[in-house]
1. Rounded to the nearest 0.05, what FRET efficiency do Q371 and S351 have when you use their Cβ-Cβ distance and R0 = 25 Å?
2. Give me the distance in nm between label points sitting 7 Å out from Cα along the Cα-to-Cβ direction at V189 and A126, one decimal.
3. Neighbouring Cβ atoms within 10 Å as the yardstick, rank D114, D260 fewest first.
4. Roughly speaking, what is the stretch gain from A199 to S161, that is 0.36 nm per residue apart minus the C-alpha to C-alpha distance, in nm to one decimal?
5. In the chain, which Cys residues have no partner Cys with a Cβ closer than 4.7 Å?
6. Among E346, E311, E62, E184, rank each residue by its count of other Cβ atoms within 10 Å, from fewest to most, as a rough exposure measure.
7. Might you report the magnitude of the Cβ-based charge dipole of the stretch 151-208 about its Cα centre, with Lys and Arg at +1 and Asp and Glu at -1, to the nearest 20 debye?
8. Expressed in nm to one decimal, what extension gain is obtained for the pair R220 and A239 from 0.36 nm per residue of sequence separation less their Cα-Cα distance?
Amino acid sequence: MTAVPALQAAVALAAAQAEAAHARGTFGVGGVMLDAHGALLQAMPNRVIENGMLLDPTAHGERQLVDWYFARIAAGASLPPPSQITVVTSVDPCCMCAGALLAAGFRVVVAANDGQAGVNYDAGAAFPALPDGLRAAAQALFSYPEVGAPSPYARAASGASLPSFFLGQGIDAATQTRCVRAFEASAEVCQQTIHGDLARAGLLDPRTLAPDHPLVLAVRSVYRDALGYTCAGPQRPDAGLIPYLRAAQQADRAAGGDGDACALLDAFGNLVLCLPGALATSPIQTAYMRCVRAYSLLRHRLRSAGVAQAERYLGHPKHGTLLLLRGPDHGAASFMTLGAYGSTMEGPLPSENPHQFQYVQARLAPGQVQQLCEALPPLYRHAIKVMPSQVDDAALISAFA
Ligand SMILES: [Zn+2]
């Protein structure tokens, strides 16, 4: 009897995670984490959608594996250092997951390509989507093993050399096809679920609710100052946000971060959340990731519990404003954030809200931000049009200059 090649077995495990995710109605993608000898440490499916509702737009398998690893390290577990960790994914990592994996410094082995959202969307393993410094890192860490014929997805090996325990191995065409099918069969219905949300005209202002309304209490249990401030105009962050951003900035520094914060304003200009990162827990627990996750989980919890009109009072973030205290730079965590923003929107921005994504402190010139965004894979560049812009309010900018 011929032994199953290690790479083939690992891809089959990732394919099984992807199929399980698809069966549960979320994106059919999954991944596994291996130690320095190729032994399985953990497996994760995509968990973006649960019970037919958006749960967490950042819950991709690879991003969860990165957080799992650092949570275990923080809890005192004895795991190999990041340079000895390999993540095998069923589909090429999206920009959020690629940024997360690069921030972690793991090796990556990819089964199927993704021409829309994959960081290697053009299949050249040169990574034109990444800024210069990250491009070299991806070339050293991301492997695309050979896939044999007969398969419409057959390919020669490209990218980084495989980890020693996979050297010289390829992926069976049938197993790779399982990865492709699980993803393709799920993508459209998942995007429709995310976009089945109420339009702007269907939303109600939560500031009209009584202070002891269950919905107000729930959002204040996540962020004490929720609904405590309303900007003078919707989609126009202003200087009234300074104390909230400053408090989150200080909390971020105290938690090992560089003073970042992320605020979510709703369609009426109400401040809903303003959170710091938790970088001491994990290099990818940035303020953006924590803010979007906290809001999405809250909405899912309230909608699942049948809280009356939760959907009307807590709309999809695309109708409001996501505000970063610190604008994009060329680092891995920033790239992850651009990708995570794409995963949060998952499709075109509403035409009445083209500047949904804003920042206070510029770390790159506007032309550099534009260059970064225009290099992103097609989904981000053409469909979502990810393009953060600096806030208009001069007093808000100068408070953090
Ligand atoms: Zn991803």
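Taken together, the values in this text are just the output of simple stated rules run on the coordinates, not laboratory data. It should be emphasised that the depicted structure is a prediction, and the values quoted were computed from it without experimental measurement. Heads up, the Cβs are rebuilt from the backbone with ideal geometry, glycines too, and the neighbour counts pull from every protein chain shown.
1. E between Q371 and S351, to the nearest 0.05, is 0.50.
2. 3.9
3. Working: D114 23, D260 26.
The fewest-first ordering by Cβ neighbours comes to D114, D260.
4. Numbers: separation 38, 0.36 × 38 = 13.68 nm, distance 4.76 nm.
Extra length available between A199 and S161 comes to 8.9 nm.
5. C94, C95, C97, C179, C190, C231, C274, C373, each lacking another Cys Cβ under 4.7 Å.
6. Working: E346 22, E311 18, E62 28, E184 14.
Fewest-to-most ranking of E346, E311, E62, E184: E184, E311, E346, E62.
7. Values: 5 positive and 5 negative charges, 16 e Å.
With Lys and Arg at +1 and Asp and Glu at -1, about 80 debye.
8. My answer for the length gained is 4.7 nm.
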